[in-house]
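See below for the structure under consideration.
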Amino acid sequence: MHNLLKGKRGIIFGALDSKSIAWKVAERAHEEGAKLVLTNAPVALRLGTISELAEKTGSQIIPADATSIMDLEHLIDESMKLLGGKIDFVLHSIGMSVNVRRGNHYTHQDYNFTKTGWDVSALSFHRLMSVLYQRDAMNEWGSLVALTYMAAQRVFPDYNDMADNKAYLESVARSFGYFFGRDKKVRVNTISQSPTPTTAGSGVKGFDGFIAFAEKMSPLGNATALECADYTISLFSDLTKKVTLQNLFHDGGFSNMGVSTALMEDFMKSQPQPESDEEPKASKK
Ligand SMILES: NC(=O)c1ccc[n+]([C@@H]2O[C@H](COP(=O)([O-])OP(=O)(O)OC[C@H]3O[C@@H](n4cnc5c(N)ncnc54)[C@H](O)[C@@H]3O)[C@@H](O)[C@H]2O)c1
């Protein structure tokens, strides 16, 4: 390990179980010398295994529902007391769509569910930044990171209303990031991660196909949760002090691909073979 976060204080949202990306980030941040507070929604603390992570990383757990300003204010105030000063880094690793959970198709949303999913997955980042900003809780050259997915830019039909939530999340990161940079010298970025087998990821319809397709499309293959954690640590460290307002793709190259030879070979195998002496017929789309 490289002591990249030695002496730094951080808050990690969203570690539910050992598959969670946030779990890996907490483990890596601890290995790099940071002191941490772990947080999640009260219900997730009951259902998940976060106390194991707290023990492993010598961290305290403070429950907070990311849709509640009061919970967030309490979390930030208590974290500064527990950690002994202002905060250097925060990971927002929160996502949930009620429409996805209930199996509502994108074209037939229940808009109350849509609002709840947006509140949890996207507005929560604005709310968190607002509390940190107003309380002047971040140290200069601190770093905020939220996790996102490429459905914010391109169509992935089964990602449903989470695509819109991620587009909002990325926009908020840029808009608030401007004020955080200008006024507090704090950077704000989003990491756009490969599909990853976690509780939230596996909730997306057809996830197995999704992840296998991305693996074949990406020249470096899908990025794992641990690799995402490593990348996140670099953004929390002092090695990336002037990186801000960015949506950073961490996806083995997927986001810049058109087609790969592996996928084209698979596709051609499923096509009817033209008879040897005939001209191939143009297929109907
Ligand atoms: N898994 C993937 O394929 C993938 C790909 C790209 C981006 N992401 C993003 O990574 C982040 C982490 O997801 P994950 O894949 O590790 O899954 P996960 O299910 O382990 O984590 C999601 C977390 O959100 C928390 N959460 C839900 N509602 C909350 C609330 N009201 N307040 C506070 N926390 C709440 C959950 O308790 C859980 O810990 C999410 O933003 C997700 O969209 C995931």
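The values are calculated or read from the model by the stated rules, or taken from the named source; none is laboratory data. All values reported here derive from a predicted model rather than from experimental measurement. Ideal geometry is used to build each Cβ from the backbone, glycine not excepted, and the neighbour counts take in all protein chains shown.
Pull out all pairs, ordered by first then second residue, where Cβ-Cβ is under 9 Å, the residues are six or more apart or on different chains, the first lies in segment 184-210 and is farther than 15 Å from Asp230 by Cα, and the second is basic (Lys, Arg) and more than 7 Å from the ligand (Cβ to nearest atom).
Every condition considered, the pairs that remain are Lys185/Lys241; Arg187/Lys241; Arg187/Lys242; Val188/Arg174; Gly203/Arg101.
Going by the conditions given, is Met96 modelled with pLDDT under 95 and in contact with a Gly (Cβ under 8 Å, 6 or more places away or on another chain)? Write out each step before concluding.
Working: modelled with pLDDT under 95: no; in contact with a Gly (Cβ under 8 Å, 6 or more places away or on another chain): yes.
Criteria not met by Met96.
Hey, can you tell me all the residues within segment 190-221 that are within 9 Å of the ligand (Cβ to nearest atom), buried (at least 17 other Cβ atoms within 10 Å of the Cβ) and not in a helix (DSSP H, G or I)?
Ile191, Ser192, Gln193, Ser194, Pro195, Thr196, Thr198, Val204
Output the residues belonging to segment 85-118 that are among the hydroxyl-bearing types (Ser, Thr, Tyr), near the ligand (Cβ under 10 Å from one of its atoms) and part of a helix (DSSP H, G or I).
To start, the set of residues in segment 85-118 that are among the hydroxyl-bearing types (Ser, Thr, Tyr) comprises 93, 97, 106-107, 111, 114, 116.
Applying the additional criterion that residues be near the ligand (Cβ under 10 Å from one of its atoms) yields 93, 97, 116.
Listed by number, the list holds a single entry, Thr116.
Just for segment 23-78: of the residues that are touching a residue at least 24 places away in the same chain (Cβ under 8 Å) and among the basic types (Lys, Arg), which one is surrounded by the most Cβ atoms within 10 Å (Cβ to Cβ)?
That would be Lys24.
For segment 5-14, name all the residues that are in contact (Cβ under 8 Å) with a residue 40 or more places away in the chain, of a type in the set (Gly, Ala, Ser) and more than 6 Å from the ligand (Cβ to nearest atom).
Step one: of segment 5-14, the residues in contact (Cβ under 8 Å) with a residue 40 or more places away in the chain are 5, 8-14.
Within this subset, residues satisfying the condition of being of a type in the set (Gly, Ala, Ser) are 10, 14.
Residue satisfying the conditions is Gly10 alone.
Across segment 222-257, what is the number of residues that are more than 15 Å from the ligand (Cβ to nearest atom) and of a type in the set (A, V, I, L, M)?
5
Among Asp77, Asp71, Asp65, which is the only one that is part of a loop (DSSP other than H, G, I, E, B), at pLDDT 95 or above and of a type in the set (Asp, Glu)? Before the answer, list the steps.
Values: Asp77 fails: part of a loop (DSSP other than H, G, I, E, B); Asp71 fails: part of a loop (DSSP other than H, G, I, E, B).
Going through Asp77, Asp71, Asp65 in turn, the sole match is Asp65.
Which residue is nearest to Lys184 (Cα to Cα), if the candidates are limited to segment 118-145 and must be of a type outside the set (A, V, I, L, M) and within 15 Å of the chain's Cα centre (by Cα)?
To start, the set of residues in segment 118-145 that are of a type outside the set (A, V, I, L, M) comprises 118-119, 121, 124-127, 130, 133-136, 139-143.
In the following step, the residues that additionally are within 15 Å of the chain's Cα centre (by Cα) were identified as 118, 121, 124-126, 143.
Details: Trp118: 27, Ser121: 25, Ser124: 20, Phe125: 17, His126: 16, Ser143: 11 Å.
Ranking the candidates gives Ser143 first.
On the given criteria, is Leu82 buried (at least 20 other Cβ atoms within 10 Å of the Cβ) and modelled with pLDDT of 95 or more? Can you show your working first?
Details: buried (at least 20 other Cβ atoms within 10 Å of the Cβ): no; modelled with pLDDT of 95 or more: yes.
No, not satisfied.
For segment 21-30, state whether one or more residues are in a helix (DSSP H, G or I), more than 21 Å from the chain's Cα centre (by Cα) and modelled with pLDDT of 95 or more. Break it down stepwise before answering.
From segment 21-30, those in a helix (DSSP H, G or I) are 21-30; that's our starting set.
Keeping just the survivors that are more than 21 Å from the chain's Cα centre (by Cα) gives none.
No, segment 21-30 contains no residue that is in a helix (DSSP H, G or I), more than 21 Å from the chain's Cα centre (by Cα) and modelled with pLDDT of 95 or more.
Determine whether Ala64 is within 12 Å of the ligand (Cβ to nearest atom), among the small types (Gly, Ala, Ser) and closer than 16 Å to Leu82 by Cα.
Values: within 12 Å of the ligand (Cβ to nearest atom): yes; among the small types (Gly, Ala, Ser): yes; closer than 16 Å to Leu82 by Cα: yes.
Yes; evaluated as a whole, the condition is true for this residue.
Could you please find all residues in segment 129-184 being of a type in the set (Lys, Arg), surrounded by 15 or more Cβ atoms within 10 Å (Cβ to Cβ) and part of a helix (DSSP H, G or I)?
Taking segment 129-184 and keeping what is of a type in the set (Lys, Arg), we get 135, 154, 166, 174, 182, 184.
Restricting the remaining residues to those that are surrounded by 15 or more Cβ atoms within 10 Å (Cβ to Cβ) gives 135, 166, 174, 184.
Answer for segment 129-184, where residues must be of a type in the set (Lys, Arg), surrounded by 15 or more Cβ atoms within 10 Å (Cβ to Cβ) and part of a helix (DSSP H, G or I): Lys166, Arg174, Lys184.
Quick check: is even one residue across segment 34-51 part of a helix (DSSP H, G or I) and away from the ligand (no atom under 11 Å from the Cβ)? Walk me through it before giving the result.
Going through segment 34-51, the residues part of a helix (DSSP H, G or I) turn out to be 42-47, 50-51.
The next check asks that each one be away from the ligand (no atom under 11 Å from the Cβ); those that pass are 51.
Yes, the conditions are met somewhere in segment 34-51.
Residues of segment 222-244 being farther than 21 Å from Gly10 by Cα, surrounded by 20 or more Cβ atoms within 10 Å (Cβ to Cβ) and under 13 Å from the mean Cα position of the chain (by Cα), which ones? Walk me through it before giving the result.
Within segment 222-244, the subset farther than 21 Å from Gly10 by Cα is 222-224.
From the residues that got through so far, the ones that are surrounded by 20 or more Cβ atoms within 10 Å (Cβ to Cβ) too are 222-223.
Ala223 - this is the single residue of segment 222-244 that is farther than 21 Å from Gly10 by Cα, surrounded by 20 or more Cβ atoms within 10 Å (Cβ to Cβ) and under 13 Å from the mean Cα position of the chain (by Cα).
When you scan segment 104-116, do you find a residue that is modelled with pLDDT under 95, under 23 Å from Asp208 (Cβ atoms) and more than 18 Å from the chain's Cα centre (by Cα), even just one? If you could, list the steps in order and put the result at the bottom.
Pass one, segment 104-116, residues modelled with pLDDT under 95: none.
So far as segment 104-116 goes, no, none of its residues is modelled with pLDDT under 95, under 23 Å from Asp208 (Cβ atoms) and more than 18 Å from the chain's Cα centre (by Cα).
Within segment 146-160, can one find any residue that is over 16 Å from the mean Cα position of the chain (by Cα) and among the small types (Gly, Ala, Ser)? So that I can check it myself, show each step before the final result.
Taking segment 146-160 first, the residues over 16 Å from the mean Cα position of the chain (by Cα) are 154-158, 160.
So of that shortlist, the ones also among the small types (Gly, Ala, Ser) come out as none.
The answer is no, given that none of the residues of segment 146-160 is over 16 Å from the mean Cα position of the chain (by Cα) and among the small types (Gly, Ala, Ser).
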